[in-house]
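Only one structure is covered here, and it is reproduced in the block below.
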Amino acid sequence: MFVNFGLNEVELKDDDFASRRQLVKSYMTSFDINRLMHTFRLNAGAASYAEPLGGWEAEDCALRGHFVGHFLSACAKFAFADQDQSLKVKANEIVNILESCTKPNGYLSAFGEEELDRLETEENRKVWAPYYTLHKIMQGLIDSHVYLCNQKALKLAVNLAHYIHGRFTKLSFWKIDGILRCTRVNPMNEFGGMGDALYSLYELTDDPELLELASLFDRDYFLAPLADGQDVLENLHANAHLPMVISALHRHEITNEEKYKTAVLYFYDFVQGRTFANGNSSSKATAYIEGGVSEKSEHWGGYERLEDALTGGESESCCAHNTERILERLVGLTGKVEYLDHLEQLKYNAILNSASCKTGLSQYHQPMGSGASKRFSSPYNDFWCCTASGVEAMSELQRNIWFRSENTLLLNAFISSTVVWDEHQARIRQYTDFPDRPTSTLQFEMAQPATFALLLKEKAVKSIKINSVALDVQKENGYIVIQREFHDGDTLDIEIEVSLHLVPLQGSNSVAAVMYGTILLAQLGQAILPSGISEHHIIERMSRLPQQKLAFAIEDQEGQPVEFKPLFRIEEETYSVYVNWGDKPAADQRFSVAQVGIAAYKEDTTNVHRESTAFS
């Protein structure tokens, strides 16, 4: 029903989104390509004297190469959107190096084929997600072709896909099931979005082998019970399964198989019961390995049982990026306002919030408990999964603000931006300081008058004027519909409907977060706030601070003001998102840093050194 505008058709003009996007673009522009490609060259037997990268791109890390795939995707998207020739040259150079590192059989990676041999032998032990990394490389090549018309990249991606197909044709049904069954906590055989990438390759080539291979990654252990309405999410690794949902949607788009659409719609209902106020999910598993990642992060627990999920490892940033892709496809499939609302909530509070306002680099987890603090990746020494997905997320940050159908323009978020709608020879500029001021102005630049419908979300709009005249609007299915002939110079002034409200932590009667419309607020520090009062009186006691940037204050039990401000604007301060407003004190869950994912993939996870040091 609705589709996104192209990355080159929307330009960010605000202070928050545009600045973080630019930080990542500058980081990528300055990145030494020889350091980036070091392990690929080593694996190919070529000389490399570059300084090795650290963290998950180190020479001895099983995931080495995954960041390169995301980097290549982001490079292609930045170059396409901004017509940036230097990044286009860099992307094409990466592809050339990848070509030189490809084996005659089509295999391409920064680690040897023996990792796949080991996976086929061990299935889910003594490996760390080789197909996850191969997916990132393949997707980077696909994006280089789609955005930069690089034919060599498409050939490399297709050859790699045929190499993988060749491996799978030699395996039995049960061996494939073992390799691709990710039901273990901390699954070491996670395969990322391989199915989704292969469906993209099929659409580009019409190669039936690629369609056959893509379908192998749609696993019935997960999708079949979902299609029957069975909630099977508990104890599953969140980011191993979110890409399977994306792939199922992609398969439905190609084949129109109804069960895959049904599975995704049920999935959405089930994951909502595990979603935090920032619109994202993932935390501790209910069945976890003590001391392992699953003790604090990366998994789904029970439905509507988040009362003990504020571990410091909640809301993995990769999950936010993949949830956004699910939601934008659901918008296209159904046009329902609820998915747009979730997209906007996620965009501010988990996508934007994932990135540092100083470096643009990403958080691994986004803690929302009491006395939390943010930890961002470093430029050359971490390269977590969320560092990689984070740079790509910043390259496409202009998505999901504007949508279109044949004769309809849909505005989803009040973010200063300009959209170019070629079909109507129109340029629409949005000027807004939201959330600091609850107003937005749309200015229409039209080569000639055009008749179309403009859709706004009904509950987000208080009043509308067009050319300074109040407008009586039509309402339909949760939208305000403005159907008219638009002329050059038309101006639409929107007063945004926005107010404070509490969002309870699912499963808790006393702990809740404060939101200002779709904007998640965080308490600065750990002051003890008034308890045992109604939501109405809590909101009544909060007052807007007299400053340009959005902030509120409420008096603590000592009568001192405690500040609340948007979570995405917090960088170094100690903060609390979910606050105990009840009569009884909540369980003592002092914030501690969650282990990064590498800790789960040691052979003996019970002896992994705990990185989670409590903050007093």
Open item on the list: Could you check the spin-label model distance between Asp117 and Glu257? Points 7 Å from the Cα along Cα→Cβ, value in nm.
Closed with: 3.3
- [ ] Obtain the nm distance between the two label points defined at Leu171 and Glu540 by a simple spin-label model: each point lies 7 Å from its Cα along the Cα-to-C-beta direction.
- [x] 6.2
- [ ] Select from Tyr266, Leu63, Leu352 the residue farthest towards the positive end of the dipole of the chain; place +1 on Cβ of Lys and Arg, -1 on Cβ of Asp and Glu, and compute about the Cα centre.
- [x] Leu63
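If we sort 61-69, 282-290 on the protection proxy, mean other Cβ atoms within 10 Å, highest first, what's the order?
The densest-packed peptide leads the list: 61-69, 282-290.
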Open item on the list: Place a point 7 Å from the Cα of Thr441 along the Cα-to-Cβ direction; which residues of the range 5-26 have their backbone N under 17 Å from it?
Closed with: 13-15
Open item on the list: Can you sort His537, His162, His252, His70 from fewest to most other Cβ atoms within 10 Å of each residue's own Cβ?
Closed with: His537, His162, His252, His70
- [ ] Place a +1 charge on the Cβ of each Lys and Arg in the range 399-455 and a -1 charge on the Cβ of each Asp and Glu, then give the dipole magnitude about the Cα centre in debye, rounded to the nearest 20.
- [x] 80
Task: Label-to-label distance, nm, for residues given as Ser373 and Val469 (7 Å Cα→Cβ offset) - done: 5.8
TODO: Any aspartates and glutamates with Cα under 18 Å of the Lys170 Cα? List them, leaving off those in the same chain fewer than 8 positions away.
DONE: Glu113, Glu114, Glu115, Asp117, Glu120, Glu122, Glu123, Glu209, Glu212
Open item on the list: Suppose R0 equals 41 Å. What FRET efficiency, 1/(1 + (r/R0)^6) with r the Cβ-Cβ distance, do Ser405 and Ile289 give to the nearest 0.05?
Closed with: 0.30
Task: Extension gain, Asp269 back to Ser215 (0.36 nm per residue minus Cα-Cα distance, nm) - done: 17.0 nm
- [ ] Give me the net charge of Thr205's neighbourhood, meaning all other residues with Cβ under 14 Å from the Cβ of Thr205; Lys, Arg count +1, Asp, Glu -1.
- [x] -4
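Pull out the extension gain between Glu497 and Glu476, defined as 0.36 nm times the separation in residues minus the alpha carbon to alpha carbon distance; nm, one decimal.
Full extension from Glu497 to Glu476 adds 5.8 nm.
Nearest 500 deg cm²/dmol is fine: what mean residue ellipticity at 222 nm does the chain get from its DSSP H runs of n ≥ 4 alone, each adding -39,500 (n - 2.57), divided by its residue count? Don't skip to the end; give the middle numbers.
Working: 18 runs with 219 residues, N = 616.
Rounded to the nearest 500, it is -11000 deg cm²/dmol.
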- [ ] Using the Cα centre as the reference, give the magnitude of the dipole from point charges on the C-beta atoms of the chain (Lys, Arg: +1; Asp, Glu: -1; all else neutral), rounded to the nearest 20 debye.
- [x] 600
- [ ] Take Cys319, Cys149, Cys101 and order them by how many other Cβ atoms sit within 10 Å, fewest up front.
- [x] Cys149, Cys101, Cys319
Open item on the list: With unit charges on the beta carbons (Lys and Arg positive, Asp and Glu negative) and the dipole taken about the Cα centre of the range 500-599, which residue among Gly525, Thr574, Ala551 sits farthest to the positive side?
Closed with: Ala551
TODO: For the chain, build the convex hull from the C-alpha positions and give me its volume per residue in Å³.
DONE: 151
TODO: Using the number of other C-beta atoms within 10 angstrom as an exposure proxy, rank Thr183, Thr133 with the fewest first.
DONE: Thr183, Thr133
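What's the ranking of 499-509, 166-176 by average number of surrounding C-beta atoms within 10 Å, highest first?
Listed from highest to lowest mean packing, they are 499-509, 166-176.
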- [ ] Please compute the net charge surrounding His241, taking Lys and Arg as +1 and Asp and Glu as -1 over other residues with Cβ under 14 Å from its Cβ.
- [x] -3
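None of the figures in this text is laboratory data; all of them are computed from the coordinates on show. Quick caveat: nothing in here was measured; it's all calculated off a predicted structure. Counting neighbours? That spans all protein chains shown, and the Cβs are built from the backbone with ideal geometry, glycine included.
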